[in-house]
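These notes are about the structure you will find just below.
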Amino acid sequence: MASTISLLRILAFELTGVIDVREGRAVHARGGHRARYEPVSALAGVAIAAGDAEALASHYVDRLGIQTLYVADLDAILGGAVQDELLCGLAAAGTPLWIDTGIRSVDSASRAFDLGATRVVVGLETLPSFETLEDICSKIGGDRVVFSLDLRNGQPLTREPAIQSMSATALAARAADAGARTLVVLDLARVGMGAGLDIALLTNINESAPGLVSFAGGGVRDWNDLVSLSNAGCSGALVATALQNGTLTAAHITAARDLDLHLEPGT
């Protein structure tokens, strides 16, 4: 029975390639300290033009077989202008694209679709209220909305006092009630740090909101972490560093999509 459950889970498990962009360049996120992010300058040991977002997207899709991209526009998330030209350029390649532009309203969600998003990411960090999330889901469809449960060291990342007092599990359940159908649990303190995953928290969140399709972001290091995520009930992971440095390869991505996660690719 255990192997059957594992196989069923892996049929839906998907790795999504993350591209963080700031001031027109793809940057390597580390620990959520955005002012310190440096442009991506190499992929699996091969040098690229510093910050070339399209080269990074091509590496993920053409070389590794990634089927979905997640783009975080850090300028927009921090309250600046949306990087329209860069986002449109990435969307033009035709790969399904989740876009986070610090969405705060139905209008900003609609604009992300105009730029080429196939799904919009509504992050806790910039969400004014769950009523706003309900409005977005109602107007554009909950199946097109990804709610990002933004955390720092396991604590909600928000400026809203009413939201800040809620637990991570309660926030996930509230997002489901608001109509979101996909959840990303993103701990910024773990991003790019090789710190691993909080599997206990992810398990609790998945149990608290069983109707959500969940992805983990921040802390994925290697194949063993993918096994742990599948066992915790996640349907996929957002990954950047492990794809960029070559720790996770095209073979891992294919295996994660088609094979039993309890077997290392090639064994």
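The values are calculated or read from the model by the stated rules, or taken from the named source; none is laboratory data. From a predicted model like this one, the values you see are computed outputs, not experimental measurements. A quick note on method: Cβ atoms are made from the backbone with ideal geometry, for glycine too, and the neighbour counts reach across all protein chains shown. Ligands, DNA and RNA are stripped out before the accessible areas are found, and what is left, the full protein with its side chains, is counted by its heavy atoms. Shrake-Rupley method; radii C 1.70, N 1.55, O 1.52, S 1.80 Å.
General remarks:
- At q = 0.14, 0.15 Å⁻¹ the log10 of I(q)/I(0) for the chain amounts to -0.93, -1.08, computed by Debye summation with a single uniform scatterer per C-alpha, solvent ignored.
- Residue-level accessible surface for E54, protein heavy atoms, 1.4 Å, Å²: 120 Å²
- Note on region 44-184: with neighbouring protein chains present and a 1.4 Å probe, carbon and sulfur make up 47 percent of its accessible heavy-atom surface.
- Largest-first ordering by accessible area, 1.4 Å probe, given options R104, R190: R104, R190
- For region 112-176, the alpha carbon positions stretch 33, 20, 17 Å along the principal axes, listed from largest to smallest.
- Note on A200/S110: beta-carbon distance plugged into 1/(1 + (r/R0)^6) with R0 of 35 Å gives a FRET efficiency of 0.40.
- Hull volume per residue, based on the alpha-carbon atoms of region 59-206 and their convex hull, is 117 Å³.
- Taking every DSSP helix (H) stretch of at least 4 residues in the chain, weighting each as -39,500 (n - 2.57) and dividing the sum by the residue count yields a mean residue ellipticity at 222 nm of -9500 deg cm²/dmol.
- Amide H contacts under 5 Å for T249: none, restricted to partners 5 or more places along the chain or on a different chain, H placed in the peptide plane at 1.01 Å from N.
- All C-alpha to C-alpha distances of region 123-267, sorted into 5 Å bins beginning at zero, yield P(r) values of 2, 10, 20, 21, 19, 14, 9, 5, 1, 0, 0 percent in whole numbers.
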